[in-house]
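Please read the structure below before turning to the comments.
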Amino acid sequence: MSDAKTRAIEAYVRAYKRHPDHIIRAPGRVNIIGEHTDYNDGFVLPCAIDKDTVVAIGHRDGNAIEILSCDYDRRDIFSIDADIEKSPEAWANYGRGMVKYLLQSGYNLSPSRMSIAGDVPLGSGLSSSAALEMAVGRALIEQSGHKIDPTDLALIGQKAENQFVGCSCGIMDQLISAKASAEHAMLIDCRTLECSAIPIPQNSALLIVNSGITHSNSDGAYNERRAQCEKAARHYGVKALRDIDEKQLEAGKSGLDHLSYRRARHVVTENARTLAAADALQDNDLRELGQLMQQSHISMRDDFEITVPEIDQLADIMNDAIAQYCDGKGGARMTGGGFGGCVIALAPREYMDKIIDSIHHNYSKNDDKQLEMLISIPSTGVNII
Ligand code: GLA
């Protein structure tokens with residue numbers, strides 16, 4: 001039994017003196033390529049990781065929802081008959097937001113009580129928040145005897161995060177946590193929400209290196225990048241940057257300030273790289289995929305400016321190790337919103353130890369910044385366990 005599952009069940013039994021009716025898990029994610037493209041109606045290629053948020057749920061008398069967080073050691077209780085308001089406690093707003101927008105979408109929810117435990121590292125860019133939203137949402141749907149399309153669940157999660165939690169994220173994290181297939185990555189067209197599962201080569205694995213670095217203003221910087229992209233789309237007269245290619249980017253750049261141009265160049269080239277990476281993965285071509293991942297990192301570093309020096313150093317060390325030990329089969333790049341968080345490598349499984357050794361030898365880390373490393377196999381989306 002996963003650690004989070006054990007903790008969620010034990011906490012439920014301890015708090016409510018009975019066993020839960022259902023146990024639901026939802027995974028965190030890494031993005032192989034396609035960064036800051038989702039809110040530009042573009043393409044992303046994420047996969048779910050084998051770290052989950054687990055919800056134990058059962059009936060509650062009365063008309064309230066009660067949520068117990070094992071990780072924060074806090075409890076939230078609110079009525080489903082009255083308008084659901086924001087809580088002053090940030091963790092509680094993910095649950096409140098899911099309840100609010102499930103109700104608003106016409107799902108009649110049963111009064112319930114839950115306990116939640118997660119083993120997705122918090123605040124590390126692995127989408128613990130989307131995992132929480134998907135697990136809570138699916139648990140409430142199950143407990144209330146409904147069915148829900150996973151894409152609708154993801155959209156409700158995104159709405160909760162945009163309008164209730166206050167982060168203007170795209171759809172990638174919720175959609176992959178809701179719809180992932182085991183041992184597959186997912187190419188997502190973020191305009192049509194069409195998803196195509198692509199197998200990860202059997203002899204390869206994902207190495208996730210959590211730098212332990214978090215940026216104090218990453219939400220502000222994220223929203224700023226989003227605004228810059230929207231400005232560039234207005235300059236080109238299109239709905240979103242998805243609607244132009246590199247040729248159009250160059251041909252129409254006159255009159256656009258250089259910063260907005262560079263932001264747009266990242267998005268336009270990243271969309272092209274993501275489609276090429278999906279083809280490379282489909283063809284089992286780890287060498288081509290690795291090249292695209294490296295180019296993506298450089299574009300995030302130089303054009304989108306969302307990396308930090310420690311993250312650049314980690315990516316360089318991992319790419320050098322892949323060149324040296326894996327004959328260039330694979331690549332490394334920062335994953336997620338940026339300004340810290342994780343660097344991932346997709347490379348042959350047999351060389352993972354060599355890449356890890358290289359990091360230990362070459363990373364000039366500060367004493368207080370501990371690296372966490374995890375070898376992960378892509379897991380399945382939200383489900384009942
Ligand atoms: C965060 C957001 C996603 C996406 C990525 C960047 O994870 O939640 O919607 O924009 O950043 O690719």
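The values are calculated or read from the model by the stated rules, or taken from the named source; none is laboratory data. Quick caveat: nothing in here was measured; it's all calculated off a predicted structure. Reconstructed Cβ throughout: ideal geometry from the backbone, glycine too, with neighbour counts over all protein chains shown. Please note that ligands, DNA and RNA were not included when accessible areas were found on the heavy atoms of the full protein model with its side chains. Shrake-Rupley method; radii C 1.70, N 1.55, O 1.52, S 1.80 Å.
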**So Val44, is it part of a helix (DSSP H, G or I) and of a type in the set (Val, Ile, Thr)** = no
**Prompt:** Residues Val55, Val30: which one is within 15 Å of the ligand (Cβ to nearest atom) and hydrophobic (A, V, I, L, M, F, W, C)?
**Reply:** Val30
**Asked** In this structure, is Ala251 open to solvent by less than 60 Å² (accessible area, probe 1.4 Å) and either more than 24 Å from Met373 (Cβ to Cβ) or aliphatic (A, V, I, L, M) (or both)?
**Response** no
**Request:** Kindly provide the set of residues from the stretch 339-357 that are modelled with pLDDT of 95 or more and open to solvent by less than 10 Å² (accessible area, probe 1.4 Å), ordered by number.
**Result:** Cys342, Val343, Ile344, Ala345, Leu346, Ala347, Met352, Ile355
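Scan the stretch 310-319 and give yes if some residue there is farther than 23 Å from Val120 by Cβ and in contact with a strand residue (DSSP E or B) (Cβ under 7 Å, 6 or more places away or on another chain), otherwise no.
Yes, there is a match, as at least one residue in the stretch 310-319 is farther than 23 Å from Val120 by Cβ and in contact with a strand residue (DSSP E or B) (Cβ under 7 Å, 6 or more places away or on another chain).
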**Asked** Quick one: is Lys239 assigned to a loop (DSSP other than H, G, I, E, B), open to solvent by 10 Å² or more (accessible area, probe 1.4 Å), more than 27 Å from Asp312 (Cα to Cα) and basic (Lys, Arg)?
**Response** yes
**Number of the condition not met by Ala56 [criteria: (1) modelled with pLDDT under 95; (2) over 20 Å from Gly170 (Cβ atoms)]** = (1)
**Criterion violated by Gln143 - all others in (1) of a type in the set (S, T, N, Q); (2) open to solvent by 20 Å² or more (accessible area, probe 1.4 Å); (3) within 15 Å of the ligand (Cβ to nearest atom) satisfied** = (3)
**Request:** Could you grab me the full set of residues in the stretch 313-338 that are within 17 Å of Glu270 (Cβ to Cβ) and open to solvent by 10 Å² or more (accessible area, probe 1.4 Å)?
**Result:** Gly337, Gly338
**Request:** Determine if the stretch 358-365 includes at least one residue that is open to solvent by 70 Å² or more (accessible area, probe 1.4 Å), over 19 Å from Gly28 (Cβ atoms), of a type in the set (S, T, N, Q) and out of contact with any Leu (no Cβ under 7 Å at 6 or more places or on another chain).
**Result:** yes
**Message:** Residues that are modelled with pLDDT under 95 and away from the ligand (no atom under 13 Å from the Cβ): does the stretch 156-170 have at least one?
**Reply:** yes
**Request:** For Arg333, state whether it is more than 16 Å from the ligand (Cβ to nearest atom), basic (Lys, Arg) and not in a loop (DSSP other than H, G, I, E, B).
**Result:** no
